[in-house]
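The values are calculated or read from the model by the stated rules, or taken from the named source; none is laboratory data. Because the structure is predicted, anything quoted here is derived from the model rather than measured. Cβ: placed from backbone, ideal geometry, glycine included. Neighbour counts: every protein chain shown. In case anyone asks, the SASA skips ligands and DNA or RNA and just uses the protein heavy atoms, side chains included. Shrake-Rupley method; radii C 1.70, N 1.55, O 1.52, S 1.80 Å.
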2 protein chains.
Amino acid sequence: MAEIHHQVGIKASPEQIYQLLSTDLGLSQWWTNDISGAGEVGSIIQFRFNGAGPDFLVTNLIPNKLVQWKHSGNMPDEWMGTEIEFHLVVSKNQTLVRFKHARWQEPSDFMAHCSTKWAVFLLSLKEALECGTGKPFPNDIQIDHS
Amino acid sequence: MAEIHHQVGIKASPEQIYQLLSTDLGLSQWWTNDISGAGEVGSIIQFRFNGAGPDFLVTNLIPNKLVQWKHSGNMPDEWMGTEIEFHLVVSKNQTLVRFKHARWQEPSDFMAHCSTKWAVFLLSLKEALECGTGKPFPNDIQIDHS
(Lines give C-alpha, C1' and ligand atoms only; values in the text may rest on other atoms or scores of the structure.)
Protein backbone atom coordinates (compact mmCIF):
# COMPACT_ATOMS: atom_id res chain seq x y z
CA MET A 1 0.00 0.00 0.00
CA ALA A 2 1.22 3.50 -0.86
CA GLU A 3 0.37 6.78 0.83
CA ILE A 4 0.41 10.50 0.11
CA HIS A 5 1.44 12.75 3.00
CA HIS A 6 1.45 16.53 3.24
CA GLN A 7 1.71 19.15 5.97
CA VAL A 8 0.91 22.85 5.92
CA GLY A 9 0.90 25.35 8.79
CA ILE A 10 -1.91 27.89 8.84
CA LYS A 11 -2.37 31.05 10.88
CA ALA A 12 -5.91 30.16 11.86
CA SER A 13 -7.60 28.39 14.74
CA PRO A 14 -8.51 24.68 14.55
CA GLU A 15 -12.16 25.80 14.68
CA GLN A 16 -11.75 27.94 11.56
CA ILE A 17 -9.93 25.18 9.66
CA TYR A 18 -12.41 22.48 10.73
CA GLN A 19 -15.22 24.58 9.30
CA LEU A 20 -13.51 24.54 5.91
CA LEU A 21 -13.08 20.75 6.07
CA SER A 22 -16.56 19.72 7.20
CA THR A 23 -19.16 21.85 5.40
CA ASP A 24 -20.15 22.33 1.75
CA LEU A 25 -19.55 26.07 1.99
CA GLY A 26 -16.16 25.55 3.64
CA LEU A 27 -14.94 22.90 1.19
CA SER A 28 -16.05 25.01 -1.76
CA GLN A 29 -13.66 27.76 -0.69
CA TRP A 30 -10.53 25.76 -1.46
CA TRP A 31 -11.19 22.49 -3.38
CA THR A 32 -13.96 22.84 -5.94
CA ASN A 33 -16.88 25.19 -6.28
CA ASP A 34 -19.27 22.25 -6.87
CA ILE A 35 -19.66 20.37 -3.58
CA SER A 36 -22.68 18.89 -1.88
CA GLY A 37 -23.51 16.44 0.88
CA ALA A 38 -21.03 17.35 3.62
CA GLY A 39 -22.37 16.63 7.09
CA GLU A 40 -22.15 14.21 9.99
CA VAL A 41 -20.49 10.79 9.96
CA GLY A 42 -22.24 8.70 7.30
CA SER A 43 -22.71 11.62 4.90
CA ILE A 44 -21.51 11.20 1.32
CA ILE A 45 -19.75 14.27 -0.03
CA GLN A 46 -19.87 14.73 -3.80
CA PHE A 47 -16.97 16.66 -5.23
CA ARG A 48 -17.51 17.63 -8.85
CA PHE A 49 -15.11 19.04 -11.43
CA ASN A 50 -16.94 19.90 -14.65
CA GLY A 51 -19.70 17.51 -13.62
CA ALA A 52 -17.53 14.49 -12.74
CA GLY A 53 -15.51 13.62 -9.67
CA PRO A 54 -15.15 11.49 -6.58
CA ASP A 55 -17.52 10.84 -3.70
CA PHE A 56 -16.34 10.42 -0.14
CA LEU A 57 -18.10 8.85 2.81
CA VAL A 58 -17.48 10.74 6.06
CA THR A 59 -16.17 8.02 8.42
CA ASN A 60 -14.93 9.97 11.42
CA LEU A 61 -15.21 13.50 12.78
CA ILE A 62 -13.63 14.85 15.94
CA PRO A 63 -14.54 18.53 15.94
CA ASN A 64 -11.54 20.82 15.47
CA LYS A 65 -9.15 17.85 15.44
CA LEU A 66 -9.81 15.15 12.87
CA VAL A 67 -11.69 14.58 9.61
CA GLN A 68 -11.67 11.18 7.93
CA TRP A 69 -13.27 10.12 4.66
CA LYS A 70 -13.37 6.91 2.68
CA HIS A 71 -13.77 6.77 -1.08
CA SER A 72 -17.33 5.98 -2.14
CA GLY A 73 -18.72 5.66 -5.68
CA ASN A 74 -17.07 4.52 -8.86
CA MET A 75 -14.53 7.06 -10.07
CA PRO A 76 -11.65 7.44 -10.51
CA ASP A 77 -10.95 3.69 -10.31
CA GLU A 78 -7.55 4.04 -8.62
CA TRP A 79 -9.18 5.85 -5.69
CA MET A 80 -11.30 2.82 -4.85
CA GLY A 81 -10.67 1.79 -1.26
CA THR A 82 -8.50 4.80 -0.50
CA GLU A 83 -8.94 6.85 2.66
CA ILE A 84 -8.31 10.51 3.42
CA GLU A 85 -7.46 12.13 6.72
CA PHE A 86 -6.97 15.71 7.90
CA HIS A 87 -5.42 15.92 11.35
CA LEU A 88 -5.25 19.34 13.05
CA VAL A 89 -2.47 19.99 15.56
CA VAL A 90 -2.03 23.31 17.35
CA SER A 91 1.58 24.46 17.25
CA LYS A 92 3.20 27.61 18.63
CA ASN A 93 1.93 30.27 16.26
CA GLN A 94 -0.07 28.22 13.78
CA THR A 95 -2.25 25.17 13.32
CA LEU A 96 -0.64 22.30 11.43
CA VAL A 97 -2.80 20.39 8.98
CA ARG A 98 -1.43 16.87 8.57
CA PHE A 99 -2.93 15.28 5.50
CA LYS A 100 -2.89 11.64 4.45
CA HIS A 101 -4.41 9.88 1.43
CA ALA A 102 -3.81 6.22 2.22
CA ARG A 103 -4.40 2.68 0.94
CA TRP A 104 -3.40 3.21 -2.68
CA GLN A 105 -2.75 -0.15 -4.33
CA GLU A 106 0.54 1.10 -5.77
CA PRO A 107 2.53 4.33 -6.22
CA SER A 108 1.20 4.88 -9.77
CA ASP A 109 1.70 7.90 -12.01
CA PHE A 110 -1.87 8.90 -11.16
CA MET A 111 -1.00 8.80 -7.46
CA ALA A 112 2.00 11.05 -8.16
CA HIS A 113 -0.31 13.46 -10.02
CA CYS A 114 -2.77 13.46 -7.12
CA SER A 115 0.03 14.03 -4.61
CA THR A 116 1.08 17.24 -6.38
CA LYS A 117 -2.53 18.29 -6.80
CA TRP A 118 -3.27 17.73 -3.09
CA ALA A 119 -0.37 20.08 -2.25
CA VAL A 120 -1.92 22.72 -4.51
CA PHE A 121 -5.31 22.37 -2.81
CA LEU A 122 -3.84 22.40 0.72
CA LEU A 123 -2.06 25.65 -0.16
CA SER A 124 -5.44 26.87 -1.44
CA LEU A 125 -6.91 25.99 1.98
CA LYS A 126 -4.10 27.99 3.62
CA GLU A 127 -4.72 30.94 1.32
CA ALA A 128 -8.49 30.85 1.89
CA LEU A 129 -7.95 31.14 5.65
CA GLU A 130 -5.06 33.59 5.68
CA CYS A 131 -5.98 35.82 2.74
CA GLY A 132 -9.75 35.37 2.52
CA THR A 133 -9.71 33.79 -0.95
CA GLY A 134 -8.51 30.33 -1.93
CA LYS A 135 -8.07 28.85 -5.40
CA PRO A 136 -10.74 26.16 -5.71
CA PHE A 137 -11.50 24.56 -9.08
CA PRO A 138 -11.93 26.04 -11.70
CA ASN A 139 -9.42 28.63 -10.45
CA ASP A 140 -6.93 26.03 -9.19
CA ILE A 141 -3.24 26.12 -10.10
CA GLN A 142 -2.56 23.84 -13.08
CA ILE A 143 0.21 21.29 -12.63
CA ASP A 144 0.20 20.00 -16.23
CA HIS A 145 -1.36 20.46 -19.67
CA SER A 146 -3.65 17.42 -19.84
CA MET B 1 10.14 2.39 3.68
CA ALA B 2 8.06 5.43 2.69
CA GLU B 3 8.20 7.44 -0.51
CA ILE B 4 7.21 10.85 -1.83
CA HIS B 5 5.87 10.94 -5.40
CA HIS B 6 4.96 13.91 -7.56
CA GLN B 7 4.26 14.57 -11.23
CA VAL B 8 4.12 17.82 -13.16
CA GLY B 9 3.72 18.39 -16.92
CA ILE B 10 5.83 21.13 -18.47
CA LYS B 11 5.66 22.77 -21.88
CA ALA B 12 9.37 22.40 -22.50
CA SER B 13 11.64 19.86 -24.14
CA PRO B 14 13.40 17.14 -22.12
CA GLU B 15 16.68 18.87 -23.07
CA GLN B 16 15.53 22.15 -21.49
CA ILE B 17 14.31 20.43 -18.33
CA TYR B 18 17.43 18.27 -18.00
CA GLN B 19 19.55 21.42 -18.08
CA LEU B 20 17.66 22.73 -15.04
CA LEU B 21 18.19 19.44 -13.17
CA SER B 22 21.87 18.86 -13.84
CA THR B 23 23.74 22.16 -13.60
CA ASP B 24 24.34 24.69 -10.81
CA LEU B 25 22.87 27.47 -12.92
CA GLY B 26 19.82 25.39 -13.81
CA LEU B 27 19.11 24.17 -10.27
CA SER B 28 19.48 27.72 -8.93
CA GLN B 29 16.57 28.82 -11.11
CA TRP B 30 13.98 26.82 -9.19
CA TRP B 31 15.28 25.30 -5.91
CA THR B 32 17.69 27.59 -4.09
CA ASN B 33 19.91 30.41 -5.21
CA ASP B 34 22.91 28.89 -3.37
CA ILE B 35 23.96 25.73 -5.22
CA SER B 36 27.38 24.37 -6.10
CA GLY B 37 28.97 21.13 -7.23
CA ALA B 38 26.53 19.86 -9.88
CA GLY B 39 28.23 17.80 -12.56
CA GLU B 40 28.82 14.25 -13.72
CA VAL B 41 28.04 11.05 -11.80
CA GLY B 42 30.06 11.16 -8.58
CA SER B 43 29.64 14.90 -8.08
CA ILE B 44 28.33 16.13 -4.74
CA ILE B 45 25.78 18.92 -5.06
CA GLN B 46 25.54 21.29 -2.11
CA PHE B 47 22.14 22.91 -1.70
CA ARG B 48 22.20 25.73 0.85
CA PHE B 49 19.35 27.63 2.47
CA ASN B 50 20.70 30.47 4.63
CA GLY B 51 24.02 28.64 4.81
CA ALA B 52 22.71 25.18 5.77
CA GLY B 53 21.17 22.37 3.77
CA PRO B 54 21.55 18.94 2.28
CA ASP B 55 24.20 17.47 0.00
CA PHE B 56 23.39 15.00 -2.74
CA LEU B 57 25.70 12.61 -4.55
CA VAL B 58 24.87 12.30 -8.25
CA THR B 59 24.44 8.54 -8.75
CA ASN B 60 22.97 8.26 -12.25
CA LEU B 61 22.49 10.52 -15.26
CA ILE B 62 20.84 9.60 -18.55
CA PRO B 63 20.84 12.84 -20.54
CA ASN B 64 17.34 14.23 -21.11
CA LYS B 65 15.75 11.22 -19.37
CA LEU B 66 16.87 10.51 -15.82
CA VAL B 67 18.59 12.21 -12.88
CA GLN B 68 19.27 10.28 -9.67
CA TRP B 69 20.84 11.50 -6.46
CA LYS B 70 21.60 9.93 -3.10
CA HIS B 71 21.75 11.87 0.14
CA SER B 72 25.30 12.66 1.22
CA GLY B 73 26.48 14.59 4.26
CA ASN B 74 24.96 14.94 7.69
CA MET B 75 21.79 16.98 7.59
CA PRO B 76 18.88 16.79 7.96
CA ASP B 77 19.11 13.44 9.79
CA GLU B 78 15.86 12.03 8.41
CA TRP B 79 17.19 12.40 4.85
CA MET B 80 20.06 9.99 5.60
CA GLY B 81 19.94 7.13 3.09
CA THR B 82 17.16 8.67 1.03
CA GLU B 83 17.32 8.81 -2.76
CA ILE B 84 15.88 11.27 -5.26
CA GLU B 85 14.88 10.67 -8.85
CA PHE B 86 13.62 12.86 -11.69
CA HIS B 87 12.32 10.86 -14.63
CA LEU B 88 11.44 12.74 -17.83
CA VAL B 89 8.77 11.30 -20.13
CA VAL B 90 7.66 12.98 -23.35
CA SER B 91 3.88 13.10 -23.61
CA LYS B 92 1.64 14.56 -26.31
CA ASN B 93 2.05 18.28 -25.76
CA GLN B 94 4.30 18.38 -22.74
CA THR B 95 7.14 16.66 -20.88
CA LEU B 96 6.15 14.90 -17.68
CA VAL B 97 8.53 15.12 -14.75
CA ARG B 98 8.03 12.12 -12.48
CA PHE B 99 9.65 12.78 -9.14
CA LYS B 100 10.43 10.33 -6.36
CA HIS B 101 12.11 10.83 -2.97
CA ALA B 102 12.48 7.28 -1.70
CA ARG B 103 13.83 5.19 1.19
CA TRP B 104 12.47 7.27 4.08
CA GLN B 105 12.54 5.21 7.27
CA GLU B 106 8.96 6.17 8.07
CA PRO B 107 6.23 8.58 6.92
CA SER B 108 7.12 11.18 9.56
CA ASP B 109 5.76 14.70 9.93
CA PHE B 110 9.02 15.94 8.45
CA MET B 111 8.46 13.72 5.40
CA ALA B 112 4.96 15.21 5.03
CA HIS B 113 6.47 18.71 5.21
CA CYS B 114 9.06 17.80 2.57
CA SER B 115 6.38 16.29 0.33
CA THR B 116 4.47 19.57 0.24
CA LYS B 117 7.68 21.54 -0.21
CA TRP B 118 8.79 19.34 -3.13
CA ALA B 119 5.47 20.12 -4.85
CA VAL B 120 6.18 23.81 -4.41
CA PHE B 121 9.66 23.47 -5.91
CA LEU B 122 8.47 21.32 -8.84
CA LEU B 123 5.90 24.00 -9.65
CA SER B 124 8.78 26.49 -9.43
CA LEU B 125 10.65 24.35 -11.99
CA LYS B 126 7.56 24.45 -14.23
CA GLU B 127 7.29 28.22 -13.85
CA ALA B 128 10.99 28.76 -14.55
CA LEU B 129 10.66 26.91 -17.86
CA GLU B 130 7.27 28.21 -18.97
CA CYS B 131 7.42 31.79 -17.68
CA GLY B 132 11.16 32.44 -17.53
CA THR B 133 11.26 32.94 -13.76
CA GLY B 134 10.87 30.34 -11.03
CA LYS B 135 10.57 30.82 -7.28
CA PRO B 136 13.79 29.42 -5.80
CA PHE B 137 14.68 30.04 -2.15
CA PRO B 138 14.54 32.72 -0.72
CA ASN B 139 11.58 33.59 -2.94
CA ASP B 140 9.89 30.19 -2.50
CA ILE B 141 6.23 29.85 -1.51
CA GLN B 142 5.93 29.37 2.25
CA ILE B 143 3.90 26.36 3.40
CA ASP B 144 3.97 27.17 7.12
CA HIS B 145 5.14 29.71 9.71
CA SER B 146 8.07 27.85 11.27
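What FRET efficiency do you get for A:Met1 and B:Asp109 if R0 is 22 Å and r is their Cβ-Cβ distance, rounded to the nearest 0.05?
Working from the Cβ atoms, E equals 0.65.
Return the distance in nm (one decimal) between the two label points of a simple spin-label model at A:Val89 and B:Asn50, each offset 7 Å from Cα along Cα→Cβ.
2.1 nm
What residues does segment A:1-28 have that are buried by at least 30 Å² of accessible area in the full protein assembly compared to the chain on its own, 1.4 angstrom probe?
Checking the loss per residue gives A:His5, A:His6, A:Gln7.
To the nearest hundred square angstrom, how large is the accessible surface buried between B and A, total for both chains, probe 1.4 angstrom?
Buried surface at the B/A interface: approximately 2300 Å².
Taking only Cα atoms, what is the 0 to 90° angle, nearest 10, from helix B:109-131's long axis to the longest principal axis of chain B?
Roughly 20 degrees, rounded to the nearest 10.
Over the whole of B:117-126, what's the average partner chain Cβ count within 10 Å per residue? Rounded to a whole number, please.
Per residue, the average neighbour count from other chains is 4.
I need the shape label for chain A. Rule: rounded when a/c is under 1.5, else prolate if a/b > b/c, else oblate, with a, b, c from the alpha carbon gyration tensor.
rounded
Over the protein assembly as shown, average the accessible area per residue using a 1.4 Å probe and give it in Å², no decimals.
Computed with neighbouring chains in place, this is 44 Å² per residue.
What value, in deg cm²/dmol to 500, does the helix sum -39500 (n - 2.57) over DSSP H runs of n ≥ 4 give at 222 nm once divided by the residues of chain B?
After summing the helix terms and dividing by residue count, I get -7500 deg cm²/dmol.
In whole percent, how big is the carbon plus sulfur part of the accessible area of the protein assembly as shown, probe 1.4 Å, protein atoms only?
The C+S portion of the solvent-accessible surface of the protein assembly as shown is 50 percent.
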